[in-house]
1. For the stretch 25-33, indicate whether the set of residues that are in the same structural domain as residue 193 (by TED's automatic domain parsing), modelled with pLDDT under 60, outside any helix (DSSP H, G or I) and surrounded by 12 or more Cβ atoms within 10 Å (Cβ to Cβ) is non-empty.
2. Checking the condition over 24 Å from the mean Cα position of the chain (by Cα), surrounded by 21 or more Cβ atoms within 10 Å (Cβ to Cβ) and not in a loop (DSSP other than H, G, I, E, B), which residue from 49, 123, 79 passes?
3. Name the residues in the stretch 152-173 that are part of a loop (DSSP other than H, G, I, E, B) and without any contact (Cβ under 8 Å) to a residue 60 or more places away in the chain, would you?
4. Counting only residues that are loosely packed, with under 14 Cβ neighbours inside 10 Å and touching a helix residue (DSSP H, G or I) at 6+ places or on another chain (Cβ under 6 Å), how many does the stretch 148-171 have?
5. Condition first: over 14 Å from the mean Cα position of the chain (by Cα) and on the phi > 0 side of the Ramachandran plot. Can you find one or more residues in the stretch 172-194 that meet it?
6. Within the stretch 61-72, can one find any residue that is surrounded by 16 or more Cβ atoms within 10 Å (Cβ to Cβ), at pLDDT below 95, touching a helix residue (DSSP H, G or I) at 6+ places or on another chain (Cβ under 9 Å) and more than 27 Å from residue 249 (Cβ to Cβ)?
């Protein structure tokens, strides 16, 4: 079974991720935070200083002036240096520049500016311990395209590396603790990418629990509400025994987990935007 066949194996077509917005240097969406709105990447600038700048109407790099009140000469020079370097990084599509400078709780701010590089992915395994369990399926979703790799077929070191080749920004749910280390310990692949983990991001807006619980809280539905991680393990073992349809159902579940992270992130970013970025006149 080839990769292209698996893409169509009884799995419905999912709605595509919205294409990247065309953004002018100043006339940005007033309800979305882009990296060009952010100043906390500058040395010595935290969210308090950033909010002070925003409150004065300095909500974009091009609105920053050396004469701004309450910042000081040294910090002003650092902000100007950050803006100069940030513009070059943005032109190059360099997500890492901002990932290295933004605090952990602000990585969600990377999404709007780099959504075309965002790779949503999820894995299914036979257990929680990588030493005694194996990865059964891996699904990646980027720019509207969804790919699933299956153990025993095309889930190989080479194919995994190729699948992540264009990923500049990883998006997972609890992937920092589970999916990423599990894959890296099971395959010859490095996933040292900028990473938005939706589990701690959801907690920033008061949502806890697993992916399904967060989806329900956000009003996001599922086609397979009766399938969970334990059922996914059972489906894999049924597939190994030759049960017809078990693999298709497992792949569909894995794909739904992955693709549903798109509206989850969109909803979380919208809520975080509302509580972070000031309304514009």
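The values are calculated or read from the model by the stated rules, or taken from the named source; none is laboratory data. Model, not experiment: these values are computed from the prediction. Cβ: placed from backbone, ideal geometry, glycine included. Neighbour counts: every protein chain shown.
1. Applying the first criterion (in the same structural domain as residue 193 (by TED's automatic domain parsing)) to the stretch 25-33 yields none.
No, the stretch 25-33 contains no residue that is in the same structural domain as residue 193 (by TED's automatic domain parsing), modelled with pLDDT under 60, outside any helix (DSSP H, G or I) and surrounded by 12 or more Cβ atoms within 10 Å (Cβ to Cβ).
2. On the way: 49 fails: surrounded by 21 or more Cβ atoms within 10 Å (Cβ to Cβ); 123 fails: over 24 Å from the mean Cα position of the chain (by Cα).
Only one candidate passes the filter, namely 79.
3. Step one: filter the stretch 152-173 for residues part of a loop (DSSP other than H, G, I, E, B), giving 152-156, 164-168, 173.
If the condition is that a residue be part of a loop (DSSP other than H, G, I, E, B) and without any contact (Cβ under 8 Å) to a residue 60 or more places away in the chain, then 152, 155, 156, 164, 165, 166, 167 are the ones that fit.
4. 0
5. We begin by selecting, within the stretch 172-194, every residue over 14 Å from the mean Cα position of the chain (by Cα); these are 177-178, 181-190.
Then drop every residue that is not on the phi > 0 side of the Ramachandran plot, which leaves none.
No: zero hits.
6. In the first step, residues of the stretch 61-72 are kept if they are surrounded by 16 or more Cβ atoms within 10 Å (Cβ to Cβ); the result is 61, 64, 68, 71.
Checking which are at pLDDT below 95 leaves us with 68, 71.
Keeping just the survivors that are touching a helix residue (DSSP H, G or I) at 6+ places or on another chain (Cβ under 9 Å) gives 68, 71.
Checking which are more than 27 Å from residue 249 (Cβ to Cβ) leaves us with 68, 71.
Within the stretch 61-72, one or more residues are surrounded by 16 or more Cβ atoms within 10 Å (Cβ to Cβ), at pLDDT below 95, touching a helix residue (DSSP H, G or I) at 6+ places or on another chain (Cβ under 9 Å) and more than 27 Å from residue 249 (Cβ to Cβ).
Matching residues to (1) assigned to a helix (DSSP H, G or I); (2) touching a helix residue (DSSP H, G or I) at 6+ places or on another chain (Cβ under 7 Å); (3) modelled with pLDDT of 95 or more; (4) under 21 Å from residue 144 (Cα atoms):
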| position | (1), (2), (3), (4) |
| --- | --- |
| 202 | yes, yes, yes, no |
| 215 | yes, yes, yes, yes |
| 223 | no, yes, no, yes |
| 234 | yes, no, yes, no |
| 238 | yes, yes, yes, no |
| 243 | no, no, yes, no |
| 272 | yes, yes, yes, no |
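Condition check ((1) modelled with pLDDT under 95; (2) in contact with a strand residue (DSSP E or B) (Cβ under 7 Å, 6 or more places away or on another chain); (3) within 22 Å of residue 265 (Cβ to Cβ)) across all residues:
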position	(1), (2), (3)
85	no, no, no
90	no, no, yes
97	no, no, yes
101	no, no, yes
106	no, no, yes
163	no, yes, yes
169	no, yes, yes
186	no, yes, no
190	no, no, no
